[in-house]
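First comes the structure, then the notes that go with it.
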Amino acid sequence: MALFPAFAKAANNKVEDSSKELAWLNNKSFQTGDAISLHSRFLEKTGEKPNKKTSRDISSSQEDEREVGDVPARKKKKKSEKKRKKKKKHKKRSERNSSSSGSDSDTVYPSDLIKEEEDRQQDTSLASRFSWLDDLQAPTGHPFCVDRKPDPANWTYKSLYRGDVARYRRKGSSTLGLDSQRQGVSWEDSDTKKRQKGGNSKKTADRYFSTASRQLLKSEPPLPVSPATPDALQLTSFLPVGDVDETNKRKESGDRFTTLSVNPLGVYDSSTALWLQGKGQQDDQKVDLETEGNPVSVVGRTGEFNRRLREQPSDTQLWIQFIRYQDEVSSLAFEEEQGGESAEQRKSSYRAILDKKLSIAERAVATNPSCIALQLERLRICQELWEPSALAKEWKKLVFLHPNSAPMWREYLLFTQSYFSSFTVTKVNSAYGKCLSTLSAVRDGSMLSHPAPPGIEEDMLDIFTQQCHFLRQSGHSEKAISLFQAMIDFTFFKPDSVKKLSTKQQVEFFEPFWDSGEARVGEVGARGWKAWMIQQERGGWLQPGAEEDEEEEEEEEEEVKDRSLPRGTVWLDVEAIREAAHWLPWRPDKAKGQSEEDCEDPDRQVLFDDIGPSLIVLSSSELQLQLLLKFFSFLGLPVESVISSPPCQPGLLLENLSLLTQGNDLQCPLTSYELPDLGVNSVGHMTTLQGVRKWTGLGKQGETFLTNVFGIIQPVLPPDHRAFLSLTWIRYEKLKVLRCLRSGNKKRLRSQGKSSKRVAKRLLKEPDNRSSLVLWREYAHLEWILGNLDEARKVFSTATAIGGTKGLSGPSLCELCLLWSQLEVEDEAKGQTGRVTDATVSPAVCVLTRLAEGTSSSSSSQSISPVAILKARRSYEQALSSSLSALDQNIQNLQSDRKGSKEDLQEEKLRLKGLVGCYALFQYLTISIQAAFTVYSQAREKMEELHRKRAPDSVKPGSVEAADSSLTNRRLASECEALAVQQVALLRFHNNISVFPLVTLRQTLTSALSAWPGSAPLWCIYIQLENHYHSAGRARRFFHTVTRDNSSVTPRLFAIVAEQQRKQLVDAAQRSCCFDKPLPLLPENGLSNRIRGLFESAIATETGAHCPLLWRMYVHFLMSEGKADKARGIFYKGLQNIPWAKGLYMDAVQLFPEHLQEFIDLMTEKELRLRLPLEELDILLED
């Protein structure tokens, strides 16, 4: 390599002349002209520096003068001028420094001049030296250059200029060299792209889950508008949907022919039509379409609410809608900001929404101070904002201002009952007493400031019943029984001398009787308050002899049967045993010399202070009958649901899983709905959720108590009310037989059958009951259940003979023959795959034909002629048409003759389920299932239409007409629901024994459930039908539709049960799967999460939050999934809503036995009834 690489060519051209070998010492690169030019340039530089300085000073002064003269005309550029002045001052300082430094050293060296010249040339020619590789003619070996010039903008902006950064688009999100399972790089859009998305640049289409799409789904759809083009209407036979504005624009632009050729029917929107023409939209059109397609803005709706509220400030429903609308606004805001907020920010925004709702509610209350609904809405909002003490104070203030409002008292009682921080049983029980005593004072007129509203006695009875169920659910069953005992004595055995006094004075007279130790209702030797008062005036009772109490004492069974069991299990068993045995209040036996100190458990004694404030006066006989029926329902007896009005808050009472499993008896598909289960535990049945009943009835002491109650109460009732009690008693006996039959214990079934038949025969022997077809029907059914078919047929035949020639005009006779024929059809289907082809020899057809003829048949096996069948069909058709046409008039007559003697006759004309059922079954057996379906559809359509017309909204609430109308509507609704159950049961029965399209059954079920969403039998059939198929989408959509429009907790419970049963099928299929066999069902994922979502949505509702059955099912489900921590969390969350439910605590003891001490301490703190303290449990385990 040459010493000077630039002159390597010169070195290669060697000359052989030796004289030229030393030529390399000559520096040929130095030229004399270059040196001279450098020297002259140096001289020019040194001479120009002072001149530049003076010229710059002059120019700056001139510029300042010019700026002073232009101040009024350039006020807008003051800031920029100031910046310029600062820069000029900075330059002047730097020039002064440079000049001073230059003056210090005047010596300039040639090497410095050469370096300065090189830097200058590098600065000027740097850009020219950069070139693209493709532009080079002959690429060099090193086609790169290094730019060492610093960029001061990097210090200012802390980043590279975006123009200097290469831009590219990624194809996918993967990265070479990284393990895809363990490593990854998240690629996010730059800020410029995010700004572009928000601007006017092209947008990508919104996905279905985007905020805009969700808002579009929630918005109301635009009304369809017909096109204004007449030619479009001539081209089609239907009314097309078009855009009027767009059509008018096309008319004005003269594109009519083009539009019709592209969009002849007028069904495309403007953008689609332009696209078909190959045209694009203008920018202003796009903006208009975007604004039209968006839903109504939040600001617009809020303004509309404000405008309407200014015009109608007294519209309370509009105020409530505006308050609830704030939740919708917050949900929209949450969707827009989802993912960008932290938990604290969401919590603060939720608090802000609550404050906003509270301000609206306070404004509404200030405008309408007498509206109870607005007051309640305000307190619901305050429940999440205020402290417990302030909230309780506000509630007390509210009930003080409105003491005569029963809805207000209900909400206040629910608040005190469900607010965990301040809940105790004693405090809630005293609140119930305060409520009933205040309402009694209002009812008596003692409270002059507030008049008594209509229907106050019905409200008081409902609150009284709710108090008794509260005490039962908290374990204090003795107090609940004592309340009913006192109310029955206070109502039916009241002395004539105190009837005209106020309620408070009557209670004061009643207290000496209660504390006297005299036998009460249900106890042996009870005579009543009235007889005791009369005898006290005469000198008192004579002490009975000891021979009256010669009863064999029961041998107490050992409570702890297996001491090796865990401590929590033993506690549960003993607690359940004592609950079932000791639900009656303890009374000292004077014959045995007992006193109050002899009671081992002081809580079994009930003081008058616990029950005295809750005693009320019921003036009407209907309410007195309702009191008795509610008491029998409390004891577990099946009662007439029409007479005994349902509770206002039925979700509070649901505790039993039997509500969700009824109707599963495949042996009796037509008659298994005779005694529907309400899902309410009877007294004495306090166990875990899946615990079994200790006895089929109430036990020996309970049965004696019930017999004594019937014995003392029946003589003081009118004959029609005694019939209701007899019917309740015989149905209770039938229910006990059914329980024994399902348990499979033949010995117990035999003994229970004998005792039940004995009770039924004794009731039928009474003079008032000998001609009661209802009791004969129940007795015949009891014999059929016990397997005595011949005996049952004889009873049915005797009953039809008693009915005489009433025929189709007697509802009781129709219901009796319907049950008889249904039992015969079920008996025929047990041994055959299909129904009998010859209708003339069918026992059921014979029964139904004799009914239409008005004659009784000694045996159901007689053959009948085809002519008789035709005549019977004609009779059924005429009877049904006349009954349906006169139904509206009969209801009006019933209300006008409410106090008359024809009330029973008018009520019987409303009972059409027997007639319709007989006609439909007759058509099914003689023609086909389609004929029966037509009969049911005709009757249901007429009755449901009449029920909708007679809605409670059309009657003024609280009036006497409203009370009569509510009873009539309940009766009509009961008939409609019974017809729907009959129709669905018949369709399912036919589907099981023959080929039948399921779409008819499914449509019938969905229509019936849409009308009656609280019907548990219909839901049971629906679940059984839908769970046969793996596709659950249809059922889920239907459940969602029903629960969205209904506040009842029953559809939500059945939606959960349906998913749980589906999950059991999937799990069983996966467990039984072998490698060489296919799965019987396709595995389905996400069922656990779906069930949890259903539970969460159910407990989020107002009715579901206070439903004990829902919370207990939720805890059990989480434990079945192996999520113990979450189950325990749900348990404590449930206590915040239902702290009174002892069953929830017992479930927790069963599921979390290691926390037994914690749960017992919690029950003791909240004053729930604890029958076995842990100290006594330790003693029992030691023995």
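The values are calculated or read from the model by the stated rules, or taken from the named source; none is laboratory data. No experiment lies behind these values; they were computed from the predicted model shown. Note: ideal-geometry Cβ built from the backbone for every residue, glycine included; neighbour counts use all protein chains shown. Note: accessible area is taken over every heavy atom of the protein model, side chains too, but ligands, DNA and RNA are not part of it. Shrake-Rupley method; radii C 1.70, N 1.55, O 1.52, S 1.80 Å.
Against the list (1) farther than 30 Å from residue 1019 by Cβ; (2) among the β-branched types (Val, Ile, Thr); (3) surrounded by fewer than 20 Cβ atoms within 10 Å (Cβ to Cβ), the condition residue 713 fails is (3).
When residue 876 is tested against (1) open to solvent by less than 30 Å² (accessible area, probe 1.4 Å); (2) modelled with pLDDT of 90 or more; (3) within 28 Å of residue 790 (Cβ to Cβ), just one condition goes unmet, and that condition is (3).
Condition first: part of a helix (DSSP H, G or I) and surrounded by fewer than 20 Cβ atoms within 10 Å (Cβ to Cβ). Now tell me which residues in region 792-806 satisfy that. The answer is 794, 797, 798, 801, 802.
Per the conditions (1) over 30 Å from residue 821 (Cα atoms); (2) open to solvent by 30 Å² or more (accessible area, probe 1.4 Å); (3) at pLDDT 85 or above; (4) not aliphatic (A, V, I, L, M), the sole criterion not satisfied by residue 693 is (3). Determine whether residue 381 is open to solvent by less than 20 Å² (accessible area, probe 1.4 Å), modelled with pLDDT of 85 or more and either farther than 19 Å from residue 318 by Cβ or aliphatic (A, V, I, L, M) (or both). It is true that residue 381 is open to solvent by less than 20 Å² (accessible area, probe 1.4 Å), modelled with pLDDT of 85 or more and either farther than 19 Å from residue 318 by Cβ or aliphatic (A, V, I, L, M) (or both).
When you check residue 660 against the structure, is it buried (at least 21 other Cβ atoms within 10 Å of the Cβ) and closer than 18 Å to residue 1141 by Cα, yes or no?
Considered against the rule, which asks whether it is buried (at least 21 other Cβ atoms within 10 Å of the Cβ) and closer than 18 Å to residue 1141 by Cα, residue 660 comes out as no.
For first residues located in region 308-320 and more than 23 Å from residue 354 (Cβ to Cβ), partners that are exposed (fewer than 11 other Cβ atoms within 10 Å of the Cβ) and lie 6+ apart or on another chain with Cβ distances below 8 Å do not occur.
Considering region 1100-1124, the residues that are assigned to a helix (DSSP H, G or I) and small (Gly, Ala, Ser) include one that is surrounded by the fewest Cβ atoms within 10 Å (Cβ to Cβ), namely 1124. Within region 502-525, the set of residues being aliphatic (A, V, I, L, M) and crowded, with 20+ Cβ neighbours inside 10 Å comprises 507, 521. Residue 1177 fulfils the conditions (1) farther than 24 Å from residue 600 by Cα; (2) in contact (Cβ under 8 Å) with a residue 24 or more places away in the chain except for a single criterion, (1).
Table: residues versus (1) open to solvent by less than 10 Å² (accessible area, probe 1.4 Å); (2) under 25 Å from residue 707 (Cα atoms); (3) free of Cβ contacts under 8 Å to residues at least 60 places away in the same chain; (4) in a helix (DSSP H, G or I).
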| residue | (1), (2), (3), (4) |
| --- | --- |
| 737 | yes, yes, yes, yes |
| 761 | no, yes, yes, yes |
| 777 | no, yes, yes, yes |
| 782 | yes, yes, yes, yes |
| 790 | no, no, yes, yes |
| 808 | no, no, no, yes |
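Residue by residue, here is whether (1) touching a Gly at 6+ places or on another chain (Cβ under 7 Å); (2) assigned to a loop (DSSP other than H, G, I, E, B); (3) under 16 Å from residue 735 (Cα atoms) holds:
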| site | (1), (2), (3) |
| --- | --- |
| 617 | no, yes, no |
| 622 | no, no, no |
| 625 | no, no, no |
| 628 | no, no, no |
| 637 | no, yes, yes |
| 643 | no, yes, no |
| 647 | no, yes, no |
| 655 | yes, yes, no |
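Residues in region 473-500 that are open to solvent by less than 10 Å² (accessible area, probe 1.4 Å) and under 32 Å from the mean Cα position of the chain (by Cα): 473, 474, 475, 477, 480.
The condition of being modelled with pLDDT of 90 or more and more than 25 Å from residue 920 (Cβ to Cβ) holds for only one of 789, 775, that being 775.
With respect to the conditions (1) of a type in the set (Asp, Glu); (2) at pLDDT 90 or above; (3) surrounded by fewer than 12 Cβ atoms within 10 Å (Cβ to Cβ), residue 575 lacks only one, and its number is (3).
Considering region 990-1003, the residues that are out of contact with any Gly (no Cβ under 7 Å at 6 or more places or on another chain), open to solvent by 10 Å² or more (accessible area, probe 1.4 Å) and part of a helix (DSSP H, G or I) include one that is nearest to residue 825 (Cα to Cα), namely 990. May I ask you to verify whether residue 727 is touching a helix residue (DSSP H, G or I) at 6+ places or on another chain (Cβ under 9 Å), crowded, with 19+ Cβ neighbours inside 10 Å and over 16 Å from residue 785 (Cβ atoms)? Against the criterion (touching a helix residue (DSSP H, G or I) at 6+ places or on another chain (Cβ under 9 Å), crowded, with 19+ Cβ neighbours inside 10 Å and over 16 Å from residue 785 (Cβ atoms)), residue 727 qualifies.
Determine whether region 1060-1075 contains at least one residue that is within 27 Å of residue 641 (Cα to Cα) and at pLDDT 90 or above. No, region 1060-1075 contains no residue that is within 27 Å of residue 641 (Cα to Cα) and at pLDDT 90 or above.
For region 319-348, the tally of residues that are open to solvent by 50 Å² or more (accessible area, probe 1.4 Å), at pLDDT below 85 and touching a helix residue (DSSP H, G or I) at 6+ places or on another chain (Cβ under 9 Å) stands at 7. Taking region 651-679 as the range and being in contact (Cβ under 8 Å) with a residue 60 or more places away in the chain, within 27 Å of residue 583 (Cβ to Cβ) and not hydrophobic (A, V, I, L, M, F, W, C) as the test, the residues that pass are 651, 655, 656, 661, 662, 676, 677, 679.
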